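The values are calculated or read from the model by the stated rules, or taken from the named source; none is laboratory data. These numbers were taken from a predicted model, which means no experiment stands behind them. Here the Cβ is made from the backbone with ideal geometry for all residues, glycine too, and neighbour counts use every protein chain on show. Just the protein is used for accessible areas: all its heavy atoms, side chains included, with ligands, DNA and RNA removed. Shrake-Rupley method; radii C 1.70, N 1.55, O 1.52, S 1.80 Å.
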Amino acid sequence: MPEPSFRRASARRLLSITACVAAVAGLSLTAVSASAAEPNTAIPNSKPSWVAKATKVGTPAGTATTSVRVYLAPKGGLAALKADALAVSTPGSATYGHFITPAQYRARYAPSAATVHSVEAYLRAAGLKVTGVEASNRYISLTGDVAAAQKAFHTTIGRFKHNGKTVQAPTAALSLPSSISSLVSTVTGLDTTPRLVKPTAPTPVSPGAGFRNARPCSTDYGQVAAKYQADFKTPLPKFHGKTLPYAVCGYTGPQLRAAYEGATALDGSGVTVAITDAYASPTIAKDANRYATEHGDGAYTSGQLTQVTPPANKYTDLAACGASGWFGEQTLDVEAVHAMAPAAKIRYYGGTSCQDSDLLTTLAKVVDDNKASLVSNSWGDVAEAQSADAINAYEQVFLQGSMQGISFMFSSGDNGDELANTGIKQVDYPTSDPYVTSVGGTSTAIGAGGKLLGQTGWGTDKYSLSADGKSWSFVGYSYGAGGGTSTLFNKPSYQTGVGGGSRQVPDVALDADPTTGMLVGQTQTFSDGVYYDEYRIGGTSLASPLFAGMTALTLQSAGHRAGLLNPKVYQTRSAFTDVTGNPLDAGNVRVDFANGENADNGLLYSVRTFDQDSSLVVKPGYDQVTGVGVPNTKWLTALK
């Protein structure tokens, strides 16, 4: 039956009145209609997984304030972007190597101004205040009271005891009107649990305290046999019937280049490697230059090392993050990249803190600048500590980087399977993300002339010298390369034939054992003053920048970027030496100053073993300590 004309006229008048009201209020018609009786759609994984196990201690007052970021979905959808990012990085794909610029990325994938306006309008209508829009429209920043947040996201917010702190978080999944929900990928900030990532380098001593290695130590692997203590008179006991060598003093650039890169003339020229960490060491430029000139890497040329950092007065959470510990991480990262690629440019990006949100901002700056082809990241946390919303936000940055040809590398962690550290077996994040390359670790023997004598998986049990000096007493597991099976991600296509049905960690490995680690130079605070000195350090925090530096030579040889490296890594297994275990020795003897800097309080002797990485086992083929193996000289030309 035809609709009566007066009903059609009334409907037109109502629509006109509604539009006028919306215009006066500064809202879009979408926002007005969305706030009406439109069905809601839940935002996937938006209820924190920990809430079900936490103790609820109350409800925040409706007037309590909250700050959130609403991340917008990429144009065309996240699934399409993931498929495109994998395709441009996969040899044989029709779009392989067809990388785009940031401007092209924004035109093709970034949320439109209309999308931003619609979401802003809806959120304002709910009572939240827009405080900013990220430059590439990745997210909208908002503040408001809890009552407005609950209204906007159709949830309730409770107060909980979690990880020893009182925090607030949604008690149910967030939802939005369907017309708005399709424009949003995730929401961060409603869960106020602090998420502080950590540098993965094993800290020699407490952050801020000066540290140096005691003697004896070996210049090349196995040079000095540990038959006697430092006085070269008092005998040391054998370990399992064998005299072990003293640990190396710390490998330098010439040794590492000879062992991994051979006699190549490639040096990283024309390639820029980015490094991200929190904060920035105030002495990095002079420390790195002094170290390079004193150890055969060559002085930095003008503009070769640059830093992109906020003003010092913008840094936050310095105590909670252990800012000085990050200085050592930056020092290691910069000096390791330069050791492997002496002519590559290094561009350091420092976050305002070690909070997830600040490091996300830092990574986004890297991809928007688009000056670096490789990004080394030696930080992270256990996967169970990550929230689905943060992972979603990280992935959008990784995906944009892949589309632009940028390769991300993350250290795999330094706690093996994490069981001893957290009580459950798990991998770390972001290293387990399928759109980054996870770098595991080895114990590496480099002999005279830089000859690679052998390598096995990094995993350390510690034995201390007994009080009578006649035996070694077992202390326990110390650390080892992170690895395992992800509980968050399904197996990516490039790992077909590897492990079970989930993402396996790591992908590759290089030297990471602090016992066979790299010598670095840094200005530190000692009991007798502040000055430059050197010490040996390791961790997968070393392995990641070593791989980034080596891959700079690969890009130099190829003459182009590579994007996500993993498809090429798994297709080019001959470019990686399989690590099968069987170390040259059971371990090394290490001698340390009891106070970390001098012999005033005595010396401590210990055996640090090799290839005992919690439950993770090194074996022929892929394994969860060393991945597909260690890059060899074939990797330098693998992208041609």
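Here are the numbers:
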{"read-out": "Karplus (6.51, -1.76, 1.60) ³J(HN,Hα), θ = phi - 60°, over region 321-335, in Hz, Gly and Pro reported as x", "value": "8, x, 3, 5, x, 5, 4, x, 4, 4, 4, 4, 4, 5, 5"}
{"read-out": "ILE406 long-range amide H proximity, modeled H, under 5 Å", "value": "GLY563"}
{"read-out": "Extension gain (nm, one decimal) between SER464 and ASP231, 0.36 nm per residue minus Cα-Cα", "value": "82.1 nm"}
{"read-out": "Relative contact order for region 450-604, counting Cα pairs under 8 Å that sit 6 or more residues apart, in percent", "value": "19 percent"}
{"read-out": "Burial order of peptide ranges 507-520, 419-432, 438-451 (average beta-carbon count within 10 Å, highest first)", "value": "507-520, 438-451, 419-432"}
{"read-out": "Exceeding the 32 Å Cα-Cα cut-off - candidates LYS56/LYS462; LYS129/LYS425; LYS286/LYS365", "value": "LYS56/LYS462; LYS129/LYS425"}
{"read-out": "Cα-centred dipole magnitude for region 400-465, charges only on beta-carbon of K, R (+1) and D, E (-1), debye, nearest 20", "value": "260 debye"}
{"read-out": "Amide hydrogen neighbours beyond the local backbone of ILE346, cut-off 5 Å, H modeled", "value": "VAL273, LEU305, THR306"}
{"read-out": "Beta bridges by DSSP in the chain, antiparallel share as percent, to the nearest 5", "value": "70 percent"}
{"read-out": "FRET efficiency estimate (nearest 0.05) - Cβ-Cβ, LEU604 to THR487, R0 51 angstrom", "value": "0.85"}
{"read-out": "Theoretical ellipticity at 222 nm over the chain - DSSP helices of four or more residues, -39500 (n - 2.57) apiece, nearest 500", "value": "-8000 deg cm²/dmol"}
{"read-out": "Dipole magnitude of the chain, debye to nearest 20 (Cβ charges: Lys/Arg +1, Asp/Glu -1, about Cα centre)", "value": "1740 debye"}
{"read-out": "Region 124-181-region 386-423 distance, computed between alpha-carbon centres (Å)", "value": "24 Å"}
{"read-out": "Estimated FRET transfer efficiency when R0 is 22 angstrom, pair SER93-ARG573 (beta carbons, to 0.05)", "value": "0.70"}
{"read-out": "Protection-proxy order for peptides 454-466, 118-130, 60-72, each taking the mean of Cβ atoms within 10 Å per residue, highest first", "value": "454-466, 118-130, 60-72"}
{"read-out": "Among 559-567, 162-170, 294-302, the order from most to least packed when residues are scored by Cβ within 10 Å on average", "value": "559-567, 162-170, 294-302"}
{"read-out": "Zone residues, region 75-106, relative to SER178, backbone N less than 17 Å from point 7 Å out along Cα-to-Cβ", "value": "none"}
{"read-out": "Estimated vicinal HN-Hα couplings, Hz - region 588-595 in sequence order (Karplus 6.51, -1.76, 1.60; Gly, Pro = x)", "value": "10, 8, 10, 10, 10, 5, 4, 9"}
{"read-out": "Efficiency of FRET from Cβ geometry, ASN595 and THR316, R₀ 45 Å, rounded to 0.05", "value": "0.90"}
{"read-out": "Local electrostatic count at GLY621 - Lys and Arg +1, Asp and Glu -1, tallied over other residues with Cβ under 14 Å", "value": "-1"}
{"read-out": "Net charge over other residues, Cβ less than 10 angstrom from the Cβ of VAL167 (K, R count +1; D, E count -1)", "value": "+2"}
{"read-out": "3J(HN,Hα) from dihedral phi, region 55-64, Karplus parametrisation 6.51/-1.76/1.60, rounded to Hz, x for glycine, proline", "value": "8, 7, 10, x, 10, x, 4, x, 8, 4"}
{"read-out": "Pair ALA61, SER112: separation of 7 Å Cα→Cβ label points (nm)", "value": "4.4 nm"}
{"read-out": "Value of relative contact order over the chain, rounded to a whole percent, pairs C-alpha under 8 Å and six or more apart", "value": "16 percent"}
{"read-out": "Region 328-481, accessible area per residue, ligands and nucleic acids excluded (1.4 Å, Å²)", "value": "24 Å²"}
{"read-out": "Taking only Cα atoms of region 109-163, radius of gyration then Dmax in Å", "value": "13.3, 40"}
{"read-out": "Fraction of accessible area attributable to carbon and sulfur, the chain (%, probe 1.4 Å)", "value": "54 percent"}
{"read-out": "Aspartates and glutamates whose Cα lies under 14 Å from that of LYS165, excluding same-chain neighbours fewer than 8 positions away", "value": "ASP191"}
{"read-out": "Net charge, LYS56 excluded, C-beta distance under 10 Å - Lys, Arg +1, Asp, Glu -1", "value": "+2"}
